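As structure tokens, the structure follows; a few thoughts come after it.
Just so it is clear, none of the values below were taken in a lab; they were calculated from the coordinates. Since the model is a prediction, treat every value here as computed from it, not as a measurement. So basically every Cβ, Gly included, is an ideal-geometry build from the backbone, and we count neighbours across all protein chains shown.
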Amino acid sequence: MKRYLSAIKPTGKLTLGNYIGAIKQFVTLMNDGDMILFVADLHSLTLPINPEELRNNSRNIVAYYLAAGLDPKKVHVFLQSEVHEHSELAIILQNYLYMGELSRMTQFKDKTQKMNNEAIGLGIFTYPVLMAADIVLYDTDYVPVGEDQVQHVEITRDLVHRFNKRYGDILKMPRALIRQSGARIMSLSDPIKKMSKSDPKGDIFLDDDLKTIHKKIMSAVTDMDCRVCYDETNKPGISNLMTIYSALTNKSFEEIEKEFQGKMYGEFKKEVAKVVVDEIACLQTKYQEILASGLVDKVLKEGKEYASTIAEKTLKRVQNAIGLYRYE
Ligand code: ATP
Ligand code: MG
């Protein structure tokens with residue numbers, strides 16, 4: 001059976017980008033194999049975060065996973081920090097990735113661009129090492145992610161190759177899995193920038209009130225051309241709205257272009273807003289029910305047990321292979 005593994009960092013409130021690029025993909029894949037999802041709370045420490053916010057964000061991610069339709073009978077969900085093997089394996093694997101490679105990671109460059117070199121934490125630099133540990137710990141086949149995370153899966157593949165060349169066939173080679181469209185939702189106010197929960201300019205949050213969502217879409221930055229057609233380079237704003245609309249309606253870009261031929265941007269935006277508001281309204285209702293039900297804690301407890309059993313075995317296999325003495 002194929003194994004899928006993915007995660008979201010509790011660095012802020014979930015965005016429409018996380019929903020379309022990640023969560024909706026999980027829902028599509030959940031019947032197709034063993035799915036392990038976690039809340040990447042250790043990764044979230046790479047940016048300054050208030051403890052109360054971290055706790056709430058972590059809980060809310062699980063509630064949104066479930067509200068989006070992930071079935072806890074089929075999907076295992078846990079907190080990264082509750083399975084200590086992630087940290088232990090990362091300490092080992094840090095020796096198989098190189099500083100040159102890590103310093104070339106786009107996420108590292110983006111997130112530290114405006115920071116003073118003296119104040120860049122080590123965690124943001126070694127992020128791909130922990131992410132590699134996250135992935136290989138579960139003998140993962142596929143990592144469903146948004147486009148921005150593909151580079152981290154690629155460096156994990158380099159690590160696996162390097163490690164296995166030296167020690168034999170110890171780590172499973174993973175593969176990134178991205179949606180054909182919707183793998184990169186852009187900011188509504190600056191459509192050449194990715195929508196990110198830790199940089200909330202131009203984001204749609206899953207817990208925004210519905211009027212706000214409508215307003216944000218109606219005032220999304222577009223261009224002067226007035227034709228609804230897909231052109232990422234010259235019409236990034238309209239292309240982004242088309243991507244959102246397509247991801248939520250399953251209509252192709254050609255169908256959308258036909259539907260809005262000769263129509264004004266205002267009319268198109270209204271329709272996009274309606275589709276997004278309908279989807280999020282439904283999600284919010286389920287989310288509130290789940291938060292009130294106590295299901296989150298139950299799911300996390302079961303998920304932790306399931307994940308720990310697999311993680312323990314893999315860590316032992318790695319320790320054994322590299323010669324760490326085991327006396328049991
Ligand atoms: P942060 O700003 O803290 O990095 P983020 O919004 O980028 O937050 P992550 O926790 O880094 O979210 O990523 C969670 C998942 O959501 C990943 O699979 C990532 O690829 C996906 N994702 C994040 N932003 C987008 C986006 N704008 N479009 C599509 N997928 C996205
Ligand atoms: Mg991110």
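Mind sorting Ser239, Ser198 by how few other Cβ atoms lie within 10 Å of their own Cβ, fewest first?
Arranged by neighbour count, lowest to highest, Ser239, Ser198 become Ser198, Ser239.
Helix 127-136 against the longest principal axis of the chain: what's the angle in degrees, Cα atoms only, rounded to the nearest 10?
Roughly 70 degrees between the two axes.
From the Cα gyration tensor of the range 106-182, with a ≥ b ≥ c the square roots of its eigenvalues, which class applies: rounded if a/c is under 1.5, or else prolate if a/b is larger than b/c, or else oblate?
Judged from the Cα gyration tensor, the range 106-182 comes out oblate (a/c at least 1.5, b/c at or above a/b).
Would you calculate the separation in nanometres between label points at Asn164 and Ala281, each defined as 7 Å from the Cα along the Cα-to-beta-carbon direction?
My value for the distance between the label points is 5.0 nm.
Counting every Cα pair in the range 152-191, what percent are over 15 Å apart? Could the numbers behind the result be given before it?
Numbers: 445 of 780 pairs.
Roughly 57 percent, rounded to a whole number.
Could you work out the relative contact order of the chain? I mean the mean sequence separation of Cα pairs under 8 Å and 6+ apart, divided by the number of residues, in percent.
23 percent
Rounded, prolate or oblate: which fits the range 226-268, taking a ≥ b ≥ c as square roots of the Cα gyration tensor eigenvalues, rounded meaning a/c under 1.5, else prolate when a/b beats b/c? Each step should come with its number before you reach the end.
Working: a/c = 1.56, a/b = 1.08, b/c = 1.45.
It is oblate, given that a/c is not under 1.5 and a/b is not larger than b/c.
Given the options Met264, Thr126, Phe78, identify the residue whose Cα lies farthest towards the positive end of the charge dipole of the chain (+1 on Cβ of Lys, Arg; -1 on Cβ of Asp, Glu).
Most positive-ward Cα: Thr126.
Can you sort Val277, Val75 by how many other beta carbons sit within 10 Å, fewest first? Please list the in-between numbers first.
Details: Val277 18, Val75 21.
With the fewest neighbours first, Val277, Val75 line up as Val277, Val75.
Classify the range 243-328: rounded, prolate or oblate, from the alpha-carbon gyration tensor (a ≥ b ≥ c, eigenvalue square roots; a/c under 1.5 rounded; otherwise prolate if a/b is larger than b/c)?
Details: a/c = 6.58, a/b = 2.21, b/c = 2.98.
Note, shape of the range 243-328 comes out oblate.
Tell me the relative contact order for the range 1-117 as a rounded percent, counting alpha carbon contacts under 8 Å between residues six or more apart. Spell out each step's value before the answer.
Working: 103 pairs, mean separation 34.9, N = 117.
It comes to 30 percent, rounded to a whole number.
Over 22 Å between Cα atoms, which of Lys24/Lys251; Lys172/Lys194; Lys109/Lys193; Lys211/Lys270; Lys216/Lys270 qualify?
Violating the 22 Å Cα-Cα cut-off are Lys172/Lys194.
Select from the range 1-105 those trypsin sites (Lys or Arg not before Pro) which occupy a DSSP coil region and have at most 13 other Cβ atoms within 10 Å, ordered by residue number.
Those satisfying the criteria are Lys2, Lys73, Lys74, Arg104.
Against the longest alpha carbon principal axis of the chain, how many degrees, from 0 to 90 and to the nearest 10, is the axis of helix 150-167 turned?
Around 20 degrees separate the two axes.
Just to be sure I understand the model, the point goes 7 Å from the Cα along the line to the Cβ. What's the resulting Glu257 to Asp71 distance in nm?
Roughly 3.9 nm, to one decimal.
Rounded to the nearest 5, what % of the DSSP beta bridges within the chain are antiparallel ones?
Expressed as a percentage, antiparallel bridges in the chain total about 15.
So what is the orientation-averaged projected area of the range 1-120, using the convex hull of its C-alpha atoms, in nm²?
If you wrap the Cα atoms of the range 1-120 in a convex hull and average its projections, you get 9.1 nm².
Just the number: Rg to Rh for the chain, Cα atoms, Kirkwood Rh, two decimals.
Reported Rg/Rh, Kirkwood definition of Rh: 0.99.
Taking the chain as the reference, fit the longest principal axis to its C-alpha atoms, fit the long axis of helix 265-293 to the helix C-alpha atoms, and give the angle between the two in degrees, 0 to 90, nearest 10.
Orientation of helix 265-293: about 40 degrees from the principal axis.
For Leu42, Leu291, Leu159, Leu122, what's the fewest-to-most ordering of other Cβ within 10 Å of each Cβ?
Leu122, Leu291, Leu42, Leu159
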